[in-house]
Every structure is written in structure tokens, then in C-alpha cells.
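Undergrad: Can you keep this structure in mind? I'll have questions shortly.
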Amino acid sequence: MGKIGVIPLDDRPVCLDQVCLLAKAYGLDLISPPIEWLGHKHSAGHADRIGAWFVENFDQAETWIISLDMLCYGGLVASRRLDNPIDRVTSRLHLLQTAKQRTPHIPILAWQSVRRLSDTVTCSADLEKWAYQHQHATFDDRRARNHLVNLDVLNLVKEGTIEALSLLQEDCQPDGPHVEEHRLLIKRIESLGIEEKVTVTPGSDEGSAVLLARFYREFRRLSASVGICFSSQSGSERVALFEDRSIRKVVQGQCRAAGITGSEDLRKSDYLLMVWCPDAPTADLMMSEPVAIGEHGVTEFIQECKNYLAMGKQLSIADVRYANGGDPQLCDALTAAGLWLKLSGYSAWNTASNAIGFAIAQILLPPGNPVIAHRIIEDWAYQSVVRLRLSSYVSQTLQDDIWAISDTQLPKATRELNRLMQVWIEKKKAVNLHTMPVFRLPWDRTFEVCF
């Protein structure tokens, strides 16, 4: 198998390192631009340099998976600003045509974000503005420019430059300017007759991982049918935090993006997506503790997993009870039942669409693969438990900003991070590690971790 070309969304671990880890588990080799070209934090990537590199190296990969936000704007954060006029953005976009005209047989799988309701949080002082924008967003100049670019992308799908496209809606809610934008995009998709090639669904950071799984399934000619098992039918109709539609519809959308058909007839597929979505109180674990009220069907869900594993099914769990982290009650039960190494996937990070998409991306992996251990450490240990404690340490002990830790306090925060993670890993014994990872805060904030 040849190499897969990837242009990631930005340099965050979920967009680059973890896609590389997933590819390695699939036995795939990746090529991507040098990391120093991808920008960092609020500094945009070098879009023109990346575009030239892409055209020059296009024939070095057998398939390309491309974040159009990076290619066109210099990354996700840059796409939320007006630094780039539309003529510059579209000229970068049409480098896809230049490359494809030279080597037309190489497929391009691409994804692009639909602008979220709020701006980027750069420090704690932005949180009030972020909350207001999330409730009162309007169709502003930035959204209008990005919308025109997204419409232009659809033409590239129609002409065959792009084989498959995901338009992924960033953080949102049921009402807002994105609703009209989606209506216009879908109308254009239908008028071009490209419904089978384009998916419009909530998501963002998981985009490359989902398309990587799509490529792998198609290359290996594996079954396109995946069974979907919801832990609660009423819970599946709940609209998760930062989403604009039910969990059930998010699952359907992410399945489409991965090129698979989701079925609730679980007998017809060897691959099952187990969705943990109890009809229970939820929370954003970036800001608050998990809500420990009863077990909400944990025992029954664990037994279902055991039964399907005994039938020879391959399971991946999307844990979407909470936003921004796994459900500790479920994770403790998985540990007690000895199921972690029997799973093909687990995901609970960030929004429900992020977690669902990444769980789908793992579903074809062999049970007990290295991605599982990574997800346990990040989604359960860090996001659900350690992060709030570290945030408290940064804000109260260090008197610093959890969204923009200063250079002078970052070494202290990093030492406390490693201490807390080591305590958790040694206490829970949920993963077997030859050596203790070294943890760091890649964007100098407590939101994400790298190891």
C-alpha cells in the first residue's frame, strides 16, 4: 500500500498526532507538511507554502485527505477571521484542480468547516463574549465569505476534482445563522446532483480521522454496513451540548461521512457502534464535574457489550453522555468487566460529533489496538478527571489564566499535570504502560493534553 497524503486542520494533537496514531494502527503511511508550517495556537499556518508543497508532492500519495480550512485559510482559527480576502482563498482552493489535472487518477477526500457561532477563546476574558455569541450569532462578513467558499467547493465535487466532501458544522445549537446556511448548501448540493458525494453534519476536528477510515474501508473492500446500538432510545433523541440536532442524527451524519451505512439491525454486521447516551443529566466537563446520579443503565450496557463480543462482533464505543470527556461511571464499569482490550475503539473527547466520528474511525481496527490506551488516558483520565483539578491549580494556586498560561507559570503547570496523571494512572490501572508518558499542554492552556 502506498502513502496517504494528509493536510491537517492545525497542529493540535487531535488533528495531527492522533490521526498519525490511527493511521499506524491501520498499517498506513502518511505524508504531511512540516509541522512548523501548520501555525500554532492563534498564528495561522503558511497556507501558500502548504499549497505549493501539495501540488509538488501530489503524485507521491495514492490518496489525499485534505482540510480545506488549512489549505484555504491557514487553519481553523484563521478561518474565523477576515485576514484572507475571498480571491486569495479561492485561488488556494483551486490548487486542487491544478494537482488533479496533472495526475487525475489520485482521489481527493476533503472536508471544510461551516463557521461556528462564536469566535476563538484566547483567554478567560473572552468567555463572556463567547457565551453571548453562541446565543446571538448573526450572518456576518466572515460567515458570508466562508459560505461562498463552501459553495465553490461544491463545484469541485461536481466536476470530479474532489471525490468525497464533508461539510462539518462547528460548535452550534438548534437555532442560529448556520441553519439558513445549511439550507442553502443542501439546496445547492441537490441542484448539482452530488448528494451521494457530500455530507453536511456537525463536527470538525475529527474530519481527517473519519475520511482516513473511509479510505481504509474502501481500499480493503470491507463491509459498508455498521450496526448501531443506542444505550437509550430516548437518550438518542437528546440534542447534545454544542450540537444542533439529536445524537441519533449526528451518528447518521458521521456514518455518511465515513462512507458507511448505519443499521439498527445488529445481526447483519460484524461491526457495531455502541453509543452510550443515557437519558440522564449532562454537563460540559471542561467547566464542571460529572453528575453522579444512579447508574442509568450502565450494568445493562456492559452486559450488551459482553453479549455482542461473545457473538464475535467488533465493537467501538461512542461515549456521549457528557461534552468534553468520558463518563467515569461507564469507564469504571468497563475496567471492572475487563473489556477495554476487547474493544476496537472508544471515544469521548470534546463534542458528541467529535467523539462519535472518532469512534466510527476506530471501528475497523483490531481489538486492543494502541488507540484504545490513548483514548482512555485522554478522554477519561485527563478530560473527565485531571483537567478540572489542573485548571483549579492554575487559576487558584498559580493565579494564572487556564486559557493562556504564562511562560513563567507553564513549567509549574506542566509538573502538576504530570503528577496528577501519574497518580490517576497508578490508581486506576486501566491501561498497561511500559513507561509513564510525559504529558504537556501543547497550546499552553488546560483544554487539551499531549503525550
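The values are calculated or read from the model by the stated rules, or taken from the named source; none is laboratory data. The structure presented is a predicted model; accordingly, all values stated were derived computationally and were not measured. Note that we place each Cβ from the backbone using ideal geometry, even for glycine, and neighbour counts take in every protein chain shown.
Undergrad: If a residue must be of a type in the set (Asp, Glu) and surrounded by fewer than 18 Cβ atoms within 10 Å (Cβ to Cβ), how many such residues does the range 219-261 contain?
TA: At the first step, the residues of the range 219-261 found to be of a type in the set (Asp, Glu) are 237, 243-244.
Imposing the further condition that a residue be surrounded by fewer than 18 Cβ atoms within 10 Å (Cβ to Cβ) reduces the set to 237.
Number satisfying all stated conditions: 1.
Undergrad: Look at Arg49 and say whether it is modelled with pLDDT of 95 or more, more than 18 Å from the chain's Cα centre (by Cα), of a type in the set (D, E, K, R) and farther than 18 Å from Val157 by Cα.
TA: Yes; evaluated as a whole, the condition is true for this residue.
Undergrad: What's the number of the condition Val423 fails, among (1) in contact (Cβ under 8 Å) with a residue 12 or more places away in the chain; (2) farther than 27 Å from Ala23 by Cβ; (3) outside any loop (DSSP other than H, G, I, E, B)?
TA: Answer for Val423: the failing condition is (1).
Undergrad: Which ones in the range 420-451 are more than 22 Å from the chain's Cα centre (by Cα) and either surrounded by 15 or more Cβ atoms within 10 Å (Cβ to Cβ) or of a type in the set (Gly, Ala, Ser) (or both)?
TA: Leu420, Met421, Trp424, Ile425, Lys428, Ala430, Val431, Pro437
Undergrad: May I ask you to list the residues in the range 180-200 that are within 17 Å of Arg143 (Cα to Cα) and of a type in the set (Val, Ile, Thr)?
TA: Answer for the range 180-200, where residues must be within 17 Å of Arg143 (Cα to Cα) and of a type in the set (Val, Ile, Thr): Ile186, Val200.
Undergrad: Hey, among the residues in the range 73-89 that are exposed (fewer than 15 other Cβ atoms within 10 Å of the Cβ) and not hydrophobic (A, V, I, L, M, F, W, C), which one's nearest to Leu167 (Cα to Cα)?
TA: Looking at the filtered set, the residue picked out is Arg81.
Undergrad: While we're here: Residues that are in contact with a Leu (Cβ under 6 Å, 6 or more places away or on another chain): which strands (runs of 3 or more DSSP E) entirely in the range 139-254 hold 3 or more of them?
TA: 225-230
Undergrad: Let me ask something else. Among the residues of the range 194-204, are any out of contact with any Ser or Thr (no Cβ under 7 Å at 6 or more places or on another chain), farther than 25 Å from Asp175 by Cβ and touching a residue at least 12 places away in the same chain (Cβ under 8 Å)?
TA: Yes, the range 194-204 contains a residue that is out of contact with any Ser or Thr (no Cβ under 7 Å at 6 or more places or on another chain), farther than 25 Å from Asp175 by Cβ and touching a residue at least 12 places away in the same chain (Cβ under 8 Å).
Undergrad: On the basis of being within 22 Å of the chain's Cα centre (by Cα) and of a type outside the set (D, E, K, R), does Pro411 make the cut?
TA: No.
Undergrad: Out of (1) farther than 25 Å from Leu343 by Cα; (2) acidic (Asp, Glu); (3) not in a helix (DSSP H, G or I), the odd one out for Glu416 is which?
TA: Glu416 satisfies every listed condition except (3).
Undergrad: Please determine whether any residue of the range 426-445 is in contact (Cβ under 8 Å) with a residue 24 or more places away in the chain, assigned to a helix (DSSP H, G or I) and not assigned by TED's automatic domain parsing to the domain that holds Ser124.
TA: Yes.
Undergrad: Now for a different question. Within the range 270-325, restricting attention to residues that are in contact with a helix residue (DSSP H, G or I) (Cβ under 7 Å, 6 or more places away or on another chain) and among the β-branched types (Val, Ile, Thr), which residue is surrounded by the fewest Cβ atoms within 10 Å (Cβ to Cβ)?
TA: Ile302
Undergrad: Gln396 passes all but one of (1) of a type in the set (S, T, N, Q); (2) in a helix (DSSP H, G or I); (3) surrounded by 13 or more Cβ atoms within 10 Å (Cβ to Cβ); which number fails?
TA: Condition (3) is where Gln396 drops out.
Undergrad: So which helices (runs of 4 or more DSSP H) are wholly in the range 279-388 and hold at least 2 residues that are assigned by TED's automatic domain parsing to the domain that holds Lys268 and of a type in the set (Phe, Trp, Tyr)? Outline the logic, then answer.
TA: Numbers: elements: 298-310, 328-336, 352-362, 370-375.
By residue number, 298-310.
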